[in-house]
Amino acid sequence: MTALTSASLPEISSAGQVAVPEYPLAERRIGIVHFGVGGFHRAHQAMYLDALMNAGRDRDWAICGVGLLPGDSRMRDALTSQDGLYTLVTKAPDGTRDPRVVGSIARYLFAPDDPEAVLAQMTDPAVRIVSLTVTEGGYNYNPSTGQFQHETEAVAADLATRFDLEGAVAAGSAGENDGGANTPHRFGHPQTMFGYVVEALRRRREAGTAPFTVMSCDNVRGNGDLAKRMILAYASRRDENGLHREAPLADWIEAEVAFPNCMVDRITPATAPEDARMLSSDYGIDDAWPVVSEDFVQWVLEDHFPSGRPAYEEVGVQMVEDVEPYELMKLRLLNCSHQAIAYFGLLLGHTYADEAAVDEHLAPFTRVLYMDHEGTPAVPEVPGIDLTAYKDELMARFANREVKDTLARLAAESSDRIPTWLVPVIQENLAAGRGVSASAAIVASWARYAEGTGENGEQWPVVDRLRDRVMAAAAHHDEDPLAFLRDEELFGDLVQHDAFTTPYLHALEVLRTRGARALLTELVAGA
């Protein structure tokens, strides 16, 4: 067994089974700071950069990963012990596997260990992009109103803290209120992505360093636009609180910082223990945290990088002027369809996405009733894309038995996903007078799933930042069948639309009395 480190790359390469970086790791220079180094980032953006570096390009665009949450200490330990290296194994439906060691992450910082090290990296003039995969919930906004949520605990703490430690020393009151009328309650370090991004931009402005581009790579509509609105809202509140000693920062960010939109796609399940065992037994590599993914990958990126960017187009990234058609195609056909198979699949007793994707009733419900009848009408014309072929390919990707994507993963954090992905589809279809029975059934399946107990009495953990809230609503189904829909933050005014509540109530009743199979059979037969 060979432990994965930079020193072991020649040995791994000589075995001939796993590709390794073809460039000297010492030649990497950090040009990107990335928040949220998880499986998807390592299977997607980091992979593209590694391909560029292997082609002899852009070794000055290596990544410094940053973790903010307590759980990110595990990624710190894994990547630090392996010199930033990890193994990516892509799995095709025919069983073909393509393992390779990726070397584009040159450094990893766990922010609570050394916040100033993170800010120093972000203010380095060589860093020209700060990228994000912080999940749909990481943008800290109300999906119904679109407003920034200033009261979130960590955000509120950042909004009450001055980060310029030189000022703290000058005031002679580090850790305390310095007593001025417009001063914060304390000096300290950021806790949130917003805090780090805005403070780094403040320091760059003060030093006369050009701002970096903020590149969101999360599954939200207009991800760059959303990142800009939320970061501006945060910066504006800090300006109002007197936390920036210089001229207001929000106006400068709005004028000077680029926030390109993009669409990202690669199904990447959470790494399972058997993945590490497979890598060990089949390839002789001991990797603390490998990544597995499907073999399909796509990235459509708005070409707006005033301070420069890697030559992404040379490794298959589609650089475009308008991302929105591609983005809506992916969110409303792939992501919403994942929600369709997630809750129904679990209620039917399935464990994996590939099982649900070929289920005799769930497959036609997803492919025809949702994708064709409700998802497609809410997708604009997409340049160069045959939507019928795209939808067929999605079902084939879902059915990839090699990937073993769990339905539990797809059903997690629903309060961030359904309002962001599916509710806008419902709203557009209602406004256009189109049917929403399939979407209503998907929402009803989430409501049924949120009861926490399956059809055969099995218990499952509802993993959601609003777990207590959604489960409490679902617990009131007996006395108020519309209880789940009454959360305006999640559903807006859907509870007031009979065209939605009528199919929703019917679907929920059938799910609770006769089960998921009965509802799907009825819906498919009536199509």
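The values are calculated or read from the model by the stated rules, or taken from the named source; none is laboratory data. Because the structure is a prediction, the values reported are computed rather than measured. Heads up, the Cβs are rebuilt from the backbone with ideal geometry, glycines too, and the neighbour counts pull from every protein chain shown. Surface accessibility is based on the protein's heavy atoms, side chains included, excluding ligands, DNA and RNA. Shrake-Rupley method; radii C 1.70, N 1.55, O 1.52, S 1.80 Å.
Once the Cβ-Cβ distance of Gln149 and Asp493 is raised to the sixth power relative to R0 = 22 Å, the FRET efficiency obtained is 0.65.
Reported value for the chain: 157 Å³ per residue, from the convex hull of its C-alpha atoms. Other residues whose C-beta falls under 10 angstrom from the C-beta of Phe212 contribute a net charge of +1, scoring Lys and Arg +1 and Asp and Glu -1. Please compute the net charge surrounding Leu232, taking Lys and Arg as +1 and Asp and Glu as -1 over other residues with Cβ under 14 Å from its Cβ. So the environment of Leu232 carries a net charge of -1. Need one number: nm distance between label points at Glu381 and Ala7, each 7 Å from Cα along Cα→Cβ, rounded to one decimal. According to this spin-label approximation, the distance is 6.1 nm.
Of the residues Met230, Met47, the one with the largest accessible area comes first in the ranking Met47, Met230, computed with a 1.4 Å probe on protein heavy atoms.
Given N residues in the range 326-482, what is Rg(Cα) / (2.2 N^0.38 Å)?
Normalised by 2.2 N^0.38 Å, the Cα Rg of the range 326-482 equals 1.02.
Nonpolar atom fraction for the range 255-320, defined as the carbon and sulfur part of the 1.4 Å probe accessible area, stands at 45 percent. Within the accessible surface of the range 442-504, defined with a 1.4 Å probe on protein heavy atoms only, the carbon and sulfur portion equals 49 percent. At the residue level, Leu328 shows approximately 10 square angstrom of accessible surface with a 1.4 angstrom probe and all protein chains present.
Counted residue by residue at 0.36 nm each, then reduced by the alpha carbon distance between them, the extension gain from Ala431 to Arg469 reaches 10.8 nm. Length gained on full extension, Ala26 to Ala126: 34.4 nm, using 0.36 nm per residue less the C-alpha separation.
Long hydrophobic helices in the chain: the complete DSSP H runs spanning 24 Å or more by Cα along their own axis with mean Kyte-Doolittle hydropathy of at least -1.0 are 223-240. Residues in the range 339-481 average 38 Å² of solvent-accessible surface per residue, probe 1.4 Å, ligands and nucleic acids excluded. Distance from the Cα centroid of the range 1-65 to that of the range 385-408 is 28 Å (rounded to whole angstrom).
The label point for Ala160 and the one for Arg186, both projected 7 Å from the Cα toward the Cβ, are 0.9 nm apart. Other residues with beta-carbon under 15 Å from the beta-carbon of Ala527 carry, at +1 per Lys or Arg and -1 per Asp or Glu, a net charge of -2.
Across the chain, the mean sequence separation of Cα contacts (distance under 8 Å, 6 or more residues apart), normalised by length, yields a relative contact order of 14 percent.
For Thr268, the solvent-accessible surface computed with a 1.4 Å probe is close to 20 Å², ligands and nucleic acids excluded. Note on the range 383-451: Rg/Rh from C-alpha atoms, Kirkwood Rh, equals 1.02.
Taking every Cα-Cα distance in the range 227-337 and sorting them into 5 Å bins from zero, the calculated P(r) comes out as 2, 9, 13, 12, 12, 12, 13, 11, 8, 4, 2, 1 percent.
Placing a label point 7 Å from the Cα of His304 along the Cα-to-Cβ direction, no residue of the range 54-92 has a backbone N closer than 19 Å. The 3J(HN,Hα) values that the Karplus relation (6.51, -1.76, 1.60; θ = phi - 60°) gives for the range 143-156 are, in residue order, x, 7, 9, x, 8, 5, 9, 5, 7, 3, 3, 5, 5, 4 Hz. Gly and Pro appear as x. Here Glu274 and Val524 are evaluated by their C-beta separation; at R0 = 35 Å the FRET efficiency comes out at 0.55. Measuring only protein heavy atoms, the 1.4 Å probe finds Phe398 accessible over about 10 Å². Size estimate for the range 1-102 follows the Kirkwood approach: the inverse of mean 1/r over distinct Cα pairs works out to 14.5 Å.
Per residue, the average separation of C-alpha pairs within less than 8 Å and at least 6 apart gives the range 1-69 a relative contact order of 38 percent.
Pairs of Cα atoms nearer than 8 Å and 6+ residues apart set the relative contact order; for the range 193-326 it is 24 percent.
When the charge dipole of the chain is built from unit charges on Cβ atoms (+1 for Lys and Arg, -1 for Asp and Glu) and taken about the Cα centre, the candidate among Ala157, Ser337, Asn261 whose Cα reaches farthest toward its positive end is Ala157.
Cross-link partners for Lys91 among the lysines, with Cα-Cα distance under 19 Å and sequence neighbours closer than 8 places in the same chain left out: Lys404.
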